[in-house]
Amino acid sequence: MRIEKHPILDFKRGKKVEFQFEDRTLTGFEGEPIAAALHDHGIMVLKNSLRHDRPRGFFCAIGHCSSCLMEVDGCPNVRVCVEPLKAGMVVRRQQGKGVLR
Amino acid sequence: MIHEPEVLIIGGGPAGLSAARQAVKAGCKTTLIDDAFDLGGQLVKQTHKFFGSEMEYAGVRGIKIPEILLDEIKDDSNFEYLLRTSATGYYEDGVVTALYENNEMLKFKPKKLIIATGASENTIPFVNNDLPGVYGAGAVQTLMNVYGVKPGEMGLMIGAGNIGLIVSYQLKQAGVDVAAVVEAAPKVGGYWVHASKIARLGIPIKTRTTILEAIGKEKVEGSRIASVDENWQPIPGTEQTINCDFICLAVGLYPLSDIFHLAKCEMKYVPELGGEVPVRDWEMKTTIEDIYVAGDAGGIEEASSAMIEGALAGLSAANALGKEPEDYNNVKCQLINELSELRCGPVGDHIRCGLAQCSMEDENES
Amino acid sequence: MNPNIENSGIPSKEQIERTLPSKERREKGPYVVIECWQKIPCNPCVKACPFGVIQPMEDINDLPVTDIDKCTGCGLCISLCPGLAIFVIDETYGEEDQALVMIPHEFVPIPKKGDLVQALDRQGNYICDAQVVRTTQNKSNTTVVHLLIPREFILDVRAIKP
């Protein structure tokens, strides 16, 4: 779902890197938000809501709404819409409130 | 360690950058903090050409404006900025705390504080409005204009204010289709020229229409809309299913006013300005002596007015610090006049009405 | 509810006709048409024109007023209007039953001279085929596309399919 050609914009992307999502190895651009890299692969469900277990994705994409909290490299409650992707990151959907380490 | 700049600016959007430019040029040691990856605030996503006059960079694309604002000060030793830095608190001794890169707690004790934190998006209730694929308009802009990722293939836009109309146009430019723009009011709220340019791309604008439901199990697969009557109630029998794979909410913004509350600035709830805003004077000073406001944090408006308010705030702060900015009174009057010019037409009616409710003094007195 | 400029972005016939110069002037050469009917704070069109066609505004919210005799149809204003609301029509161009319409276009791929494209009306409906006579660009990134169309559609063609 990448935009390759745009009438106004030139996308300056970082280098292509691999990262883990659940049991898959995916690629994205270094430095872009993890949520953008996931979205590019059609992954829109980022977590399930605490009480009613409803699927949630990102909403605000600016770090305000808490809809996109995931576990990244073992750390829970990471706002993946503003967390820059790094090579080798391990991204998982967390269960409930996550476990602090 | 406590950092002690003369001026601390929270927010690096059009208001904050303009404030920095004035403060630094007047000789103030200025620190600007912003929680994003880049300076520019919402400007980094605005691919369209701006309105206003030459002084507000009319005709220039929003994405180009941050570098113009920064140009004069980026190499000035009086200016520093920190990105990925979120202001987290304001304490009664004038200390501002901030979280740097989610890791480090910073403390600032500035002589003057300019709060230019901008705004956040509203949401509206409808069935399944929490499904993945329901995004704020800003989120859609961020995805496609900053990171070059399509939000989907066919969107439904809710809201025909300037943001709804502009983002619909930008979606088309990104190669994404828009099934319709839905607006509950009888008229579009945005500029007619924006409405015209999306109409001629085949995007229908349906006024007096609202969204009832997002359809889908794990993500948006469609939606149901219906016409509304004069009391904003859906009219039975007018329901329609619209095919779409994302729904974009452009239903207004509200000012991000947390820090004003923490600092105990006098606040007023002003619907015309989008929510709670600080009471202020024509120098952009709040009811707390050393705290200033600029941009959407003080009332939802446009980037053009945000830039002028930022300049006013930066200039006023510099003057209050005894820096004697060049030609201060004339420049201040010029800026105030520029703001009045932008606001004096019919599309500025609600702004003037809103400002009358939260201004400390008559402009003629300043 | 009848579609009008306020609820659909589509102007009335009367609003469109108000943008046209006299029949006499139309037969003389190209002329600019400014489809801007709302008082909004905006005035880059005034400085955009190198020939002084668009009059200076006392109030930035004023609607643009043209001195149409000075217009040469250069199209510079088309690429600089933030609302993409300016067009040029030349009824003297081409054959008797043809005309030239210049429109702003901000999509890729940019059409090339000689291309046959689909011209759209104000509701985005296909109205006729148009031949691209020329495209011009400046640093504003808004392409001005010069379209040869049947003359009967000069009041309708305002976009091409992206």
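The sole residue among C:GLU91, C:GLU35, C:GLU106 that is under 27 Å from A:LYS5 (Cβ atoms) and surrounded by 17 or more Cβ atoms within 10 Å (Cβ to Cβ) is C:GLU106. Could you check how many residues of region A:42-66 are within 10 Å of chain B (Cβ to nearest Cβ) and part of a loop (DSSP other than H, G, I, E, B)? Residues in region A:42-66 being within 10 Å of chain B (Cβ to nearest Cβ) and part of a loop (DSSP other than H, G, I, E, B): 17 in total.
Residue-wise test of (1) touching a His at 6+ places or on another chain (Cβ under 7 Å); (2) of a type outside the set (Lys, Arg); (3) facing another protein chain (nearest Cβ under 9 Å); (4) closer than 27 Å to C:GLY83 by Cα.
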{"site": "B:GLY202", "(1), (2), (3), (4)": "no, yes, yes, yes"}
{"site": "B:LEU212", "(1), (2), (3), (4)": "no, yes, no, no"}
{"site": "B:LYS217", "(1), (2), (3), (4)": "no, no, yes, no"}
{"site": "B:GLU230", "(1), (2), (3), (4)": "no, yes, no, no"}
{"site": "B:ILE235", "(1), (2), (3), (4)": "no, yes, no, no"}
{"site": "B:THR238", "(1), (2), (3), (4)": "no, yes, no, no"}
{"site": "B:ASN243", "(1), (2), (3), (4)": "no, yes, no, no"}
{"site": "B:LEU249", "(1), (2), (3), (4)": "no, yes, yes, yes"}
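With respect to the conditions (1) modelled with pLDDT of 95 or more; (2) surrounded by 19 or more Cβ atoms within 10 Å (Cβ to Cβ); (3) of a type outside the set (S, T, N, Q), A:ARG24 lacks only one, and its number is (2). Listed by first and then second residue, the pairs with beta-carbon distance under 7 Å, at least 6 apart or on different chains, first residue in region B:83-100 and without any contact (Cβ under 8 Å) to a residue 24 or more places away in the chain, second of a type in the set (D, E, K, R) and not in a loop (DSSP other than H, G, I, E, B), are B:THR97/B:LYS107. The set of residues in region C:79-104 that are within 16 Å of C:GLY29 (Cβ to Cβ), of a type in the set (Val, Ile, Thr) and within 14 Å of chain B (Cβ to nearest Cβ) contains only C:VAL101.
Please specify each residue of region B:84-102 satisfying the condition of being within 19 Å of B:ASP38 (Cβ to Cβ) and either surrounded by fewer than 16 Cβ atoms within 10 Å (Cβ to Cβ) or not assigned by TED's automatic domain parsing to the domain that holds B:LEU8 (or both).
Selection gives B:TYR100, B:GLU101, B:ASN102.
Suppose the filter is surrounded by fewer than 24 Cβ atoms within 10 Å (Cβ to Cβ) and more than 8 Å from chain C (Cβ to nearest Cβ); does B:TYR135 pass it? Considered against the rule, which asks whether it is surrounded by fewer than 24 Cβ atoms within 10 Å (Cβ to Cβ) and more than 8 Å from chain C (Cβ to nearest Cβ), B:TYR135 comes out as no.
To keep it simple, each residue is scored yes or no on (1) touching an Asp or Glu at 6+ places or on another chain (Cβ under 7 Å); (2) within 14 Å of chain A (Cβ to nearest Cβ).
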| residue | (1), (2) |
| --- | --- |
| B:GLU104 | no, no |
| B:GLY118 | yes, yes |
| B:GLY175 | no, yes |
| B:VAL188 | yes, no |
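For region C:43-58, the count of residues that are away from chain B (no Cβ under 14 Å), in contact (Cβ under 8 Å) with a residue 12 or more places away in the chain and in a strand (DSSP E or B) is zero.
Out of curiosity, is C:ILE110 more than 11 Å from chain B (Cβ to nearest Cβ) and under 14 Å from C:THR19 (Cβ atoms)? Don't jump to the end; show me each part of the working.
Values: more than 11 Å from chain B (Cβ to nearest Cβ): yes; under 14 Å from C:THR19 (Cβ atoms): no.
So C:ILE110 fails the test.
For region C:1-18, the set of residues classified as surrounded by fewer than 20 Cβ atoms within 10 Å (Cβ to Cβ) and either within 7 Å of another protein chain (Cβ to nearest Cβ) or touching a strand residue (DSSP E or B) at 6+ places or on another chain (Cβ under 7 Å) (or both) consists of C:MET1, C:GLU6, listed by residue number.
Counting residues in region B:297-313 that are assigned to a loop (DSSP other than H, G, I, E, B) and under 30 Å from B:LYS109 (Cβ atoms) gives one or more.
So in region C:100-118, with the set limited to residues that are aliphatic (A, V, I, L, M) and under 13 Å from the mean Cα position of the chain (by Cα), which one is farthest from C:SER79 (Cα to Cα)?
Of all residues in region C:100-118, those aliphatic (A, V, I, L, M) come to C:100-103, C:108, C:110, C:116-117.
Of the ones still in play, those that are also under 13 Å from the mean Cα position of the chain (by Cα) are C:100-103.
Values: C:LEU100: 17, C:VAL101: 14, C:MET102: 10, C:ILE103: 9 Å.
This residue is C:LEU100.
Among the conditions (1) modelled with pLDDT of 95 or more; (2) under 30 Å from B:GLU221 (Cα atoms), B:ALA98 misses just one, which is (2). Scan region B:121-132 and tell me whether some residue there is over 30 Å from B:ALA184 (Cα atoms) and part of a loop (DSSP other than H, G, I, E, B). No - not one qualifying residue is present in region B:121-132. C:CYS71 falls short on exactly one of the conditions (1) crowded, with 20+ Cβ neighbours inside 10 Å; (2) farther than 25 Å from B:ALA199 by Cβ; (3) within 14 Å of another protein chain (Cβ to nearest Cβ), and that condition is (3).
Listed conditions (1) in contact with a Ser or Thr (Cβ under 9 Å, 6 or more places away or on another chain); (2) surrounded by fewer than 21 Cβ atoms within 10 Å (Cβ to Cβ); (3) among the basic types (Lys, Arg) are all met by A:LYS15, apart from (1).
Among the numbered conditions (1) closer than 25 Å to B:VAL228 by Cβ; (2) at pLDDT 95 or above; (3) within 12 Å of chain C (Cβ to nearest Cβ), the only one that B:ASN128 does not meet is (3).
The residues of region B:338-361 that are buried (at least 16 other Cβ atoms within 10 Å of the Cβ), within 13 Å of chain C (Cβ to nearest Cβ) and among the small types (Gly, Ala, Ser), listed by number, are B:GLY345, B:GLY348.
Every listed requirement among (1) more than 27 Å from the chain's Cα centre (by Cα); (2) closer than 22 Å to C:ASP121 by Cβ is met by B:GLY222 save one, (2). When you scan region B:225-240, do you find a residue that is modelled with pLDDT of 95 or more, outside any strand (DSSP E or B) and buried (at least 19 other Cβ atoms within 10 Å of the Cβ), even just one? Looking through region B:225-240, none of the residues is modelled with pLDDT of 95 or more, outside any strand (DSSP E or B) and buried (at least 19 other Cβ atoms within 10 Å of the Cβ). Among the conditions (1) modelled with pLDDT under 95; (2) buried (at least 23 other Cβ atoms within 10 Å of the Cβ); (3) not β-branched (Val, Ile, Thr), C:GLU96 misses just one, which is (2). Here are some residues: C:THR135, C:THR92. Which one is of a type in the set (Ser, Thr, Tyr) and outside any loop (DSSP other than H, G, I, E, B)? After applying the criteria, what remains is C:THR135. Counting only strands (runs of 3 or more DSSP E) that sit wholly inside region B:151-220, those with at least 3 residues that are in contact (Cβ under 8 Å) with a residue 60 or more places away in the chain and either in the same structural domain as B:GLU239 (by TED's automatic domain parsing) or not acidic (Asp, Glu) (or both) are B:154-158, B:209-215.
Within region B:1-56, the set of residues being without any contact (Cβ under 8 Å) to a residue 60 or more places away in the chain and within 14 Å of chain C (Cβ to nearest Cβ) comprises B:LYS49, B:GLU54.
The values are calculated or read from the model by the stated rules, or taken from the named source; none is laboratory data. Note that the structure is a prediction, hence the values are computed from the model and not measured. Cβ atoms come from the backbone with ideal geometry, glycine included; neighbour counts cover every protein chain shown.
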